[in-house]
Amino acid sequence: MDNLDHRILTLLQENARRNNDELATMLDIEVDVLAKRIESMESSGVILKYTALVNEQVMDDVSQPIRALVELNISPERKTGYDAIASKIYQYPSVKAHFLVSGQFDYLVIVEGSTHQEIAHFVFDKLATLDNVTGTNSHFVLKKYKENGVVFEGAANDKRVAVMP
Amino acid sequence: MTADFSQYLESIPSSGIREFFDLVMSSDDIISLGVGEPDFTTPWSIRSEAIYALEKGYTTYTSNEGLLSLRESISNYCQSEWGINYSPETEILVTNGVSEGADIVLRALLNPGDSVILPQPAYVCYDPLIKLTGASVIPVDTSKSNFVPDPKAIESAITDSTKAIVLCYPNNPTGQSIPRDVLEAIAKVAKANDLWVLSDEIYGELSYETEFVSIASLPGMKERTILFNGFSKAYAMTGFRIGYICGPESLISRATKIHQYSALCASIFSQMAAAEALKNGRKAMEEMRQSYQQRRNLFVEGCRKMGLETAMPAGAFYCFPSVKSTGLDSVTFAKRLVKEARVAVVPGPVFGDGGEGHIRCCYAASTEELKEALIRMEVFVKGLK
Ligand SMILES: Cc1ncc(COP(=O)(O)O)c(C=O)c1O
């Protein structure tokens, strides 16, 4: 990874749908150089996937998913440690993100469901009952302000004077 | 009342471009590449410092020169950025933007009958501010030397009354910079003819491939150079109205005398925000610069593809495509572009000699807007053929 790779990543993270011609022009490099860089970041797993960043809050239907941030306390297993237990958790499709963290608890898990009950059941039935889980603490998300560096509401309008020498 | 006003003011024609500006301001639904400022909002750490200052009750005057702590930061910044050593006590004045700095330095320096060399196209404030002092402007057209001032042309424009050379590089409107060897040749001319150099370096930090060289850093130049800089462009702080001038005590103290009466001091919370910009703003500034550079590449290529000859800018966030191939003059092109393609640019002649046949496009706009503007411009240009 060098500076060019990082610049490519920054532009793709801003907008993954930019085409290669545009990216190559912006970075002042040949298109095939760019394509090779992207390919190698894809094959080495630096770029895992291209996805859409969705704002459920403005969906006009009622099927908005509900999210909770769940803190889990763990008593790690000898030899396999935290990773083996983690894999018993993150394989559930309703677990959208899963981090091992420092501090008062061990895992921070982001769980998604269609109702509060669904999430509550999932936490009590599937997570809290795991042998190594010694405690849980759930926080339902009330509002999303910012994700992946993008602010979700109040997109700034252009306040500049339209013409100025 | 008698209609007897300042004769120097009367000698400055009111902007012939007013009508065009009114046209743009009254048009809806346009993409504007006619702006003169960053599209970034001031970085939050800087804004929050201004808010903090207000919350804590920093609502007072400061010393005329500006907060000493800010002048100390500016002094360190000039040293680390450009290798120039200014005394915070005697060689730096905090101003209400470069705009005020230009006004007070010109007033402190010039007498009626003096003349000042002004390579053009250049930012619009210098010509009228020079004339307001009763001095005259000697324009040097840079369009024949790729918008980089030619030291020989400067030298041959010098007369007995010439007192100073104004330089604004990286340049608004062209985006061009002066390469080091040319800058050295200009410095030689200034020294040989005992001229002041007033160097507006407000876009200095926004230099792309080549590192910016301040003329004040060249040997023997500090004592004859006034450096104008500010926070408007590099730190996206236009609304804060904050800048500074650095130079020999003789001229800074005299400019301060005017500033003391006409401005008193720069706003204290803007000064505190500016201090934060120098302390913690570097990363944000570099990210903004990188983003302008990428958008420059995109926009310049688009202009070239549609057949408008465009020099690659070295800095700032403007490019200056030629519209000569369309057969239209700059103002006609710009007016029709607003009406027929709903894209606003600024006609080159606004910036003085050498601007005819060009338009200034500011690429501090989102890539989506730039791409849409390029499509509209291309349809318009193709339709002229
Ligand atoms: C070359 C140049 N100098 C000075 C200014 C004004 O700067 P400030 O906001 O510091 O007054 C501008 C603004 O467009 C400019 O382009």
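The values are calculated or read from the model by the stated rules, or taken from the named source; none is laboratory data. Model, not experiment: these values are computed from the prediction. As a convention, Cβ positions derive from the backbone with ideal geometry for all residues, glycine included, and neighbour counts pool all protein chains shown. All accessible areas refer to the heavy atoms of the entire protein, side chains included, with ligands and DNA or RNA removed. Shrake-Rupley method; radii C 1.70, N 1.55, O 1.52, S 1.80 Å.
Scan B:E49, B:E55, B:E65 and give me the residue that is open to solvent by 40 Å² or more (accessible area, probe 1.4 Å) and either outside the structural domain of B:N171 (by TED's automatic domain parsing) or free of Cβ contacts under 8 Å to residues at least 24 places away in the same chain (or both).
Numbers: B:E49 fails: either outside the structural domain of B:N171 (by TED's automatic domain parsing) or free of Cβ contacts under 8 Å to residues at least 24 places away in the same chain (or both); B:E65 fails: either outside the structural domain of B:N171 (by TED's automatic domain parsing) or free of Cβ contacts under 8 Å to residues at least 24 places away in the same chain (or both).
One residue alone meets the criteria, B:E55.
Given the stretch B:26-143, what strands (runs of 3 or more DSSP E) lie entirely inside it while holding 1 or more residues that are within 14 Å of another protein chain (Cβ to nearest Cβ)? If you could, list the steps in order and put the result at the bottom.
Values: elements: B:92-95, B:115-120, B:136-141.
The strands (runs of 3 or more DSSP E) meeting that bar are B:115-120.
Is at least one residue of the stretch A:57-76 loosely packed, with under 12 Cβ neighbours inside 10 Å, touching a residue at least 60 places away in the same chain (Cβ under 8 Å) and under 30 Å from A:V151 (Cα atoms)? So that I can check it myself, show each step before the final result.
Within the stretch A:57-76, the first condition is being loosely packed, with under 12 Cβ neighbours inside 10 Å, and the residues that meet it are A:57-63, A:75.
When the remaining residues are screened for being touching a residue at least 60 places away in the same chain (Cβ under 8 Å), the result is A:57.
If we keep only those that are under 30 Å from A:V151 (Cα atoms) too, we end up with A:57.
Yes, the stretch A:57-76 contains a residue that is loosely packed, with under 12 Cβ neighbours inside 10 Å, touching a residue at least 60 places away in the same chain (Cβ under 8 Å) and under 30 Å from A:V151 (Cα atoms).
Here are some residues: B:L337, B:L298. Which one is away from the ligand (no atom under 16 Å from the Cβ), touching a residue at least 40 places away in the same chain (Cβ under 8 Å) and more than 22 Å from B:S207 (Cα to Cα)? Reasoning before the result, please.
On the way: B:L298 fails: more than 22 Å from B:S207 (Cα to Cα).
One residue alone meets the criteria, B:L337.
Taking B:Y235, is it within 14 Å of the ligand (Cβ to nearest atom), out of contact with any Cys (no Cβ under 6 Å at 6 or more places or on another chain) and of a type in the set (F, W, Y)? It would help to see each step written out before you state the result.
Values: within 14 Å of the ligand (Cβ to nearest atom): yes; out of contact with any Cys (no Cβ under 6 Å at 6 or more places or on another chain): yes; of a type in the set (F, W, Y): yes.
Yes: the conditions hold for B:Y235.
Criterion first (among the acidic types (D, E), in contact (Cβ under 8 Å) with a residue 24 or more places away in the chain and over 14 Å from B:S214 (Cβ atoms)) does B:E155 satisfy it? Walk me through it before giving the result.
Numbers: among the acidic types (D, E): yes; in contact (Cβ under 8 Å) with a residue 24 or more places away in the chain: yes; over 14 Å from B:S214 (Cβ atoms): yes.
Criteria met by B:E155.
May I ask you to list the residues in the stretch B:305-342 that are within 19 Å of B:I31 (Cβ to Cβ) and within 11 Å of chain A (Cβ to nearest Cβ)?
Within the stretch B:305-342, B:K305, B:Y318, B:A334, B:V338 meet the criteria.
Looking for whichever is within 14 Å of chain B (Cβ to nearest Cβ), at pLDDT below 95 and farther than 30 Å from B:L337 by Cα here; the options are A:G149, A:G81. Which one fits?
A:G149
Considering only residues that are within 13 Å of chain A (Cβ to nearest Cβ) and open to solvent by 10 Å² or more (accessible area, probe 1.4 Å), which ones fall in the stretch B:343-366?
Restricting attention to the stretch B:343-366, the residues satisfying the condition of being within 13 Å of chain A (Cβ to nearest Cβ) are B:343-352, B:355, B:359-366.
Matches in the stretch B:343-366: B:P349, B:V350, B:G352, B:S366.
Could you identify the single residue in A:R17, A:R7, A:R37 that is at pLDDT 95 or above and outside any helix (DSSP H, G or I)?
Values: A:R7 fails: outside any helix (DSSP H, G or I); A:R37 fails: outside any helix (DSSP H, G or I).
Result: A:R17 is the single residue among A:R17, A:R7, A:R37 that is at pLDDT 95 or above and outside any helix (DSSP H, G or I).
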